[in-house]
Amino acid sequence: MKYQSTRGKSPAVSLSQAIAGGIAPDGGLYVADCWPVLDFDAAPGSADLASLGAWLLQPFFAGDELQSELHSIAAEAFNFPAPVTVLGGAQGTAFVLELFHGPTAAFKDFGARFLAACMARQRARAERKPDRKLTILVATSGDTGGAAAAAFHGRPGIDVVVLFPRGLVSKRQQQQLTCWGGNVRALVVRGTFDDCQRLVKEAFRDPELARTHALSSANSINIGRLLPQVVYYAAASLEVRRRHGSPVSFIVPAGNLGNSLACVWARRLGFPIADIVLAHNANRTMPDFLATGEYRPRPSIATLASAMDVGDPSNAERLRAFEPDWLKLRTGLSAYSVSDEEIKAQIRGDFGRYGRIWCPHTATAARVYDLLAEADRREKTWVLVATAHPAKFNDIVEPLIGRAVDVPPALARLLSLPSRSTEVGAELTELRTLLMQGE
């Protein structure tokens, strides 16, 4: 299988080349040039994510030099669970897909670990010039950077540079971004997440950096970060179908649209997925686009669900390339916007109703579930996607529920480490200087 740019101005490449490059030379994002349709009845058991992942992703690795290592890559990445639990007391049939059981307590652990496993094997094959380390640039609005840092920390021949917006992530998220040292550097950007994302894209296109650095990305702009996220949607859809015999509809907290697109792709591959509903915070770019057909990016707005504070989602380009016809794209795909006050009310209310403690991002999905028409809630089977552990947002959650949130052991270890970061402006010149100096 080959991978082509969404902008169509660069030659098609192998999967390994797409992963190594991050984005295409024309600035577009890589997508597969064809779509297999899988017989999900022949899939391995959904509880074994590693086996299911290797089976599902095999067509995407076909003919690639990493094909023979796919099973070991999947085993390394999918070594923690993504359980589907019942949303107790809900009207109709509703479940929660818990994606926060990884080392940094966020869904992005799956994709980051898969990508790191791929890149480590690429380095072992000496694809890149041996005199240059691979530098992974990561723009993060909260969770991506921590997951990438954990996945790449200590890997030989690879440096990681994490860019995050000053004052716009939670305290515990910032600790996860700045506690690593070694081959991981954290840069506090005087700007928004959109500025961080722009800096990464500008760095890829910078001729001066291209001469001295081998650059790639661990954001969902990298196809190697995005493909493995399809696996847990496939697994959840198979599990719910096994229990109830019907397709499942997902409500996905949405920001840069990587997680959302993975769900769309899982449905395209033939898994039993019906409706997909995107839950956005006050950043309304996608809800407005799906409502009007006009894609109008805008500056991001800071909200309680900080990891979703994206005004110009990168993966909107992939989504629109996937289905250029706006009316067809809207078939089975919709989006809602949720305010900070609604997030607070949902966290407080669902703790009382269900005994569930949501992070602010998961609370947007729970709010959208409540906004659905009663007939939809009763007649369809729903899965709310829980993207992060609430302990990462204790300063928001605990005052609302009136009790402390238990901290997972893996997160507690990271919170005990010393932190280190460097502040930079939102201009490429400063980032280039830091990269050139290696400090």
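Here is the figure for segment 352-385: residues that are of a type in the set (Gly, Ala, Ser) and more than 24 Å from the chain's Cα centre (by Cα) total 4. Of all the criteria given as (1) assigned to a loop (DSSP other than H, G, I, E, B); (2) in contact with a strand residue (DSSP E or B) (Cβ under 7 Å, 6 or more places away or on another chain), the one not satisfied by Ala148 is (1).
The residues on offer are Arg198, Arg205, Arg172, Arg185, and the sole one that is open to solvent by 10 Å² or more (accessible area, probe 1.4 Å), within 30 Å of Ala74 (Cβ to Cβ) and out of contact with any Ser or Thr (no Cβ under 8 Å at 6 or more places or on another chain) is Arg172. For segment 7-58, which residues satisfy the criterion of being free of Cβ contacts under 8 Å to residues at least 24 places away in the same chain, closer than 16 Å to Gln229 by Cα and hydrophobic (A, V, I, L, M, F, W, C)? Of everything in segment 7-58, those that are free of Cβ contacts under 8 Å to residues at least 24 places away in the same chain, closer than 16 Å to Gln229 by Cα and hydrophobic (A, V, I, L, M, F, W, C) turn out to be Ala54, Trp55. Considering the conditions (1) in contact (Cβ under 8 Å) with a residue 40 or more places away in the chain; (2) part of a helix (DSSP H, G or I), Ala426 is excluded by exactly one of them, (2). Residues in segment 387-439 that are over 20 Å from Ile357 (Cα atoms) and among the polar types (S, T, N, Q) were compared, and the one that is modelled with the lowest pLDDT is Gln437.
Against the numbered list (1) under 28 Å from Ala150 (Cα atoms); (2) modelled with pLDDT of 90 or more; (3) not hydroxyl-bearing (Ser, Thr, Tyr), Ala47 comes up short only at (2).
Give me the residue from segment 379-398 that is in a loop (DSSP other than H, G, I, E, B) and not basic (Lys, Arg) and, out of that set, most open to solvent (accessible area, probe 1.4 Å).
So the first thing to find is which residues in segment 379-398 are in a loop (DSSP other than H, G, I, E, B), and the list is 380, 387, 389.
Okay, now just the ones that are also not basic (Lys, Arg), so 387, 389.
On the way: Thr387: 7, His389: 32 Å².
So the residue we want is His389.
Please specify each residue of segment 39-89 satisfying the condition of being acidic (Asp, Glu) and in a loop (DSSP other than H, G, I, E, B). Quick ask: steps written out before the conclusion?
In the first step, residues of segment 39-89 are kept if they are acidic (Asp, Glu); the result is 39, 41, 48, 64-65, 69, 76.
Residues satisfying the conditions are Asp39, Asp48, Asp64, Glu65.
The set of residues from segment 240-252 being out of contact with any Leu (no Cβ under 8 Å at 6 or more places or on another chain) and either within 23 Å of Ala363 (Cα to Cα) or without any contact (Cβ under 8 Å) to a residue 60 or more places away in the chain (or both) comprises Val240, Arg241, Arg243, Gly245, Val248, Ser249.
The values are calculated or read from the model by the stated rules, or taken from the named source; none is laboratory data. Treat the numbers as computed from the prediction; the structure is a model and nothing was measured. Counting neighbours? That spans all protein chains shown, and the Cβs are built from the backbone with ideal geometry, glycine included. These accessible areas exclude ligands, DNA and RNA; they are computed on the full protein's heavy atoms, side chains included. Shrake-Rupley method; radii C 1.70, N 1.55, O 1.52, S 1.80 Å.
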